[in-house]
Amino acid sequence: MENFNQIFILIADHTEQEGITFNSDLLETGLINIILLIGILLINGKSLLGETLEERRTTIINNVQDAEKRLTEAETRFEEAEKQLSQAHVVISGIKAETLATKTLMLESDITEAKKDLKIRFERALATFKSKERQIFLDIKHQIISLVLSQTVVRAKKSFGPRRNALALIDETIKNVGKQSL
């Protein structure tokens, strides 16, 4: 601010009596020097300022082009990432389908194994049942034979009286029944 005031002091003639007045002596005030300085600055400054502005403009254009290039590259990478994501979804869907098929196959295999196991168990139970049935039938048959024999002995004793004849008849009956049961 002090330099700015000095310019006016140079242009104006300061007298104590009259106050501030305009100094018309151009050489004394240095007005020509100031005008020449401003002119030189404008002429030289224009080229210097023009170069600086041109460099700045070039830098800005280069930066914008680099940014556009990076944006294009980023968009390309984004598109590739989206493609990879869709491929990953396809692969995941395939894996899920394979997993489901494997689970189904394993369940069918387990069902087949369970059916085989149940069939074997049922056949064993049926065989055991038939064996028990045959055993019970044989036991009942033997009990009936024993009961028939004991009743026959009792009737024979009543009918034939003497013991010898009765024993012979009993032995004969036992032999006949034994032959029939075998």
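What follows draws every value from the coordinates through simple rules; no lab data is involved. Since we're looking at a predicted model, the values are computed, not measured. Glycine gets a Cβ as well: all are built from the backbone with ideal geometry, and neighbour counts include every protein chain shown.
General remarks:
- The convex hull drawn around the Cα atoms of the range 55-164, when projected onto a plane and averaged over every direction, covers 11.8 nm².
- The residues neighbouring F129, those whose beta-carbon lies less than 14 Å from its own, together hold a net charge of +3 under the Lys/Arg +1, Asp/Glu -1 convention.
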